[in-house]
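Report on the structure given below.
A short reminder: the numbers here are calculations on the coordinates, not readings from a lab. If you're wondering where the values come from, they're calculated on a predicted model, not measured in any experiment. In this analysis, Cβ positions are derived from the backbone assuming ideal geometry, glycine residues included, and neighbour counts consider all displayed protein chains.
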Amino acid sequence: MSIFARPHYTSDATQFIDELKQKKPSLEAEQRAGRALLWDKALDRSQLDEYGQARVPQQPYVYQTQAK
């Protein structure tokens, strides 16, 4: 045994997550499905360009009304 060897340590958070994964093996698949539902979307680059061109520049002070 090496004098630099440490005892195996896992944090409370890691233990909790490991225990949760053991209790519910489908958890990661459900998380991936939820992410795909909201975030993983195919982007249309031409529409993104149009959105950028149509953007109205913000005033330096957003609550100030424009003087007429």
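Counting only residues that are within 29 Å of the chain's Cα centre (by Cα) and of a type in the set (Gly, Ala, Ser), give me the helices (runs of 4 or more DSSP H) lying completely in the chain with at least 3 of them.
Counting at least 3 such residues, we get 27-38, 45-54.
When you check ARG32 against the structure, is it surrounded by 10 or more Cβ atoms within 10 Å (Cβ to Cβ) and either of a type in the set (Lys, Arg) or touching a residue at least 40 places away in the same chain (Cβ under 8 Å) (or both), yes or no? In short, yes.
Here GLY52 fits the description: more than 28 Å from ILE17 (Cβ to Cβ) and without any contact (Cβ under 8 Å) to a residue 40 or more places away in the chain.
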